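What follows is calculated from the coordinates using simple rules that are stated; it is not laboratory data. Quick caveat, the model's predicted, so the values are computed rather than measured. Cβ atoms come from the backbone with ideal geometry, glycine included; neighbour counts cover every protein chain shown.
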Amino acid sequence: DSGVTQTPKHLITATGQRVTLRCSPRSGDLSVYWYQQSLDQGLQFLIQYYNGEERAKGNILERFSAQQFPDLHSELNLSSLELGDSALYFCASSQHASVSGIRTDTQYFGPGTRLTVL
Amino acid sequence: GESVGLHLPTLSVQEGDNSIINCAYSNSASDYFIWYKQESGKGPQFIIDIRSNMDKRQGQRVTVLLNKTVKHLSLQIAATQPGDSAVYFCAEKESARQLTFGSGTQLTVLP
């Protein structure tokens with residue numbers, strides 16, 4: 001158990017719908033990362049938040065958005081869903097604190113949310 | 001662009017033998033490398049990491065070797081067990097940039 005929790009575990013929805021995935025990082029971790037894993041593309045970085053602020057963006061579609069709340073949990077919102085959005089979505093957390101210069105790069109992953117768009 | 005790749009997509013080993021999973025990277029400025037294990041239906045699990053100022057790092061039954069000259073990373077698993085069957089990903093990052101993951105190697109442990 002990595003200490004990172006994600007809900008729901010499974011999500012089945014229809015095209016055009018909107019869903020919200022939730023992630024709680026490990027205790028003490030300030031950074032949250034979201035990844036998408038599909039069969040043909042491996043793990044793709046979507047976005048990172050650090051202590052409530054967006055830190056880095058990867059291959060995240062405009063239909064997707066995320067936020068990190070004061071209690072450090074994060075949500076990934078996926079809207080106008082398409083069949084191709086079906087994938088595993090993982091959240092990871094780390095202690096990374098680039099502002100202080102301390103680098104603790106190890107990312108610990110949650111169990112993921114399997115999204116199926118029908 | 002920069003990429004991280006794996007030499008072999010699949011690897012089958014006999015139970016009790018040692019396993020070696022290889023990974024090539026192309027970014028010579030990468031300074032942090034990490035191996036993850038992913039079992040079916042689960043999230044990637046941290047195995048071991050290494051920084052570029054080291055050549056070797058050992059954990060419990062695992063060893064990571066880093067050869068910066070040829071930009072090669074390997075994961076050695078000693079006395080491979082059935083529970084080691086999984087997909088193994090290497091990942092690298094340069095400074096404050098994001099982790100870049102390889103495509104993964106499927107390790108199958110044969111009885």
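From most to least packed by mean Cβ count within 10 Å, the peptides A:54-66, A:13-25 give A:13-25, A:54-66. Each Lys and Arg contributes +1 and each Asp and Glu -1, all at the Cβ; summed about the Cα centre of chain A, the dipole is approximately 100 debye. Taking amide H atoms as placed 1.01 Å from N in the peptide plane, the amide H of residue B:80 lies under 5 Å from those of B:16, B:17, B:18, B:19, each 5 or more residues away in sequence or on another chain. Note on A:53-64: average number of Cβ atoms from other chains within 10 Å of each residue's Cβ is 1. Listed peptides A:79-92, B:74-87 appear in the order A:79-92, B:74-87 once ranked by packing, highest mean of other Cβ atoms within 10 Å at the front. Straight-line cross-link reach from residue A:9 at under 20 Å between alpha-carbon atoms covers these lysines, not counting any fewer than eight positions away in the same chain: B:37, B:42.
Along the axis of the charge dipole computed for the protein assembly as shown (Cβ charges of +1 for Lys and Arg, -1 for Asp and Glu, origin at the Cα centre), the listed residues B:18, A:115, B:64 are led at the positive end by B:64.
Mean partner shielding of peptide B:83-94, defined as the number of other chain Cβ atoms within 10 Å of each residue Cβ, is 1. Averaged over the residues of peptide B:38-45, the number of Cβ atoms from other protein chains lying within 10 Å of each residue's Cβ is 6. Calculated on the alpha-carbon coordinates, the convex hull of chain B measures out at 97 cubic angstrom per residue.
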